[in-house]
1. Distance from the Cα centre of the range 92-107 to that of the range 207-277, in angstrom?
2. Given Val82, Met125, Phe101, which one lies farthest toward the positive end of the charge dipole of the range 17-134, if we put +1 on the Cβ of every Lys and Arg and -1 on the Cβ of every Asp and Glu?
3. Going by Cα centres, the range 1-30 and the range 118-179 are how many Å apart?
4. Counting Lys and Arg as +1 and Asp and Glu as -1, what is the net charge of the other residues whose Cβ lies under 14 Å from the Cβ of Val221?
5. Rounding to the nearest 10 and keeping the result within 0 to 90°, find how far the Cα-based axis of helix 176-187 lies from the longest principal axis of the chain.
6. Once both axes come from the Cα atoms, what is the angle between helix 255-271 and the longest principal axis of the chain, in degrees from 0 to 90, rounded to 10?
7. Please tell me the relative contact order of the chain in percent, rounded to the nearest whole number, where contacts are Cα pairs under 8 Å and at least six residues apart.
8. Please list, by residue number, every one of the trypsin sites (Lys or Arg not before Pro) in the range 1-86 that is coil in DSSP and has at most 12 other beta-carbon atoms within 10 Å.
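Laboratory data are not the source of any read-out in this text; all were calculated from the coordinates shown. This is a predicted model, so every value here is computed, not measured. Glycine gets a Cβ as well: all are built from the backbone with ideal geometry, and neighbour counts include every protein chain shown.
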Amino acid sequence: MRQLTSNVYVETEVRGCNHGFVTTSDGVVMIDSPHKPTDALKLKAEIARHGPLRYIINTEPHGDHWSGNAFFDAPVIAHEGVRTRILETDMAEHVERVANFGPEEAPLLEGYTPNVPVITFKNGMTLRVGDHTFRMIHMPGHTLYQAAIVIEEEGVVFTSDNIFHKVQTWLHEANPDLWLSALESLRGLNEDIFVPGHGDLCDKSYLDEQGSFILEWKEYVKGAIDRGMTRDEAALNLNGLIDRYPMDVGQAALAPMVMRISAANLYDYLTGAGAPPQPPSLTLRPRGV
Ligand SMILES: [Zn+2]
């Protein structure tokens with residue numbers, strides 16, 4: 001893992017979300033967890049060298065952020081919606097998906113029980129551990145349950161998937177307008193070392209590019225609706241958007257599916273259609289990254 005500041009360590013190069021931990025004078029606080037069980041066990045060994053794990057904080061409801069919680073013995077803190085989402089997850093299906101990440105993963109998933117958030121917030125909360133302050137700020141956008149985690153003493157922000165830095169943006173359950181507001185909230189913070197949900201580390205200078213891409217997506221789908229395209233048609237003509245960024249580590253094959261479910265979600269958002277049952281072509285992994 002990379003040491004980002006005196007007390008913050010991050011991993012940005014494995015399959016799944018970016019995650020990290022903070023060493024305090026009273027133990028370690030982990031932020032998000034690895035998607036693959038083998039990565040979780042490696043991280044567990046690494047954290048043990050720094051002290052006892054006190055808390056895990058999850059930034060959002062997608063499985064690549066919380067699957068690995070289960071391999072750690074510490075209470076989890078997250079937005080109330082993250083807890084609800086985990087409790088509603090079809091766990092057999094979830095485990096099967098993660099088991100497919102490699103032959104070493106399946107044995108580690110036997111008897112899998114998720115480590116569900118037991119301390120939850122809606123608008124925000126502050127956690128103090130040792131000499132560190134963790135400020136959780138609700139910032140809906142990529143989903144309705146995103147939170148930015150500010151580590152004040154380190155000048156670091158874990159932004160959640162409201163930032164995909166130079167990798168493809170998933171908008172499959174996004175509210176694009178709230179997302180643009182979230183980016184402005186990130187801009188308003190004092191801290192400027194960003195650990196995005198996916199992609200390499202960045203700072204506020206990337207916010208304009210992230211915002212422009214979300215706007216471009218919204219304009220594309222709005223144009224498709226204005227031209228009378230159906231939801232499926234709008235979701236199948238996205239070449240310019242697909243080619244803009246690479247997918248994050250280990251996801252290259254998912255690009256067409258991700259683009260389709262992103263377009264379908266924005267189509268429903270812009271037509272006010274809510275979330276009707278999706279045709280088979282759009283139901284693959286709707287709760288991914
Ligand atoms: Zn996500």
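1. Using only Cα atoms, the two centres lie 28 Å from each other.
2. Met125
3. Their Cα centres are 15 Å away from one another.
4. Values: positive: Lys218, Lys222, Arg227, Arg231, Arg260; negative: Asp177, Glu216, Glu219, Asp226, Asp232, Glu233, Asp268.
Value of the local net charge: -2.
5. 40 degrees
6. The answer is roughly 70 degrees.
7. 16 percent
8. Numbers: sites: Arg2, Arg15, Lys42, Lys44, Arg49, Arg54, Arg83, Arg85; in loops: Arg15, Arg49.
The qualifying sites are Arg49.
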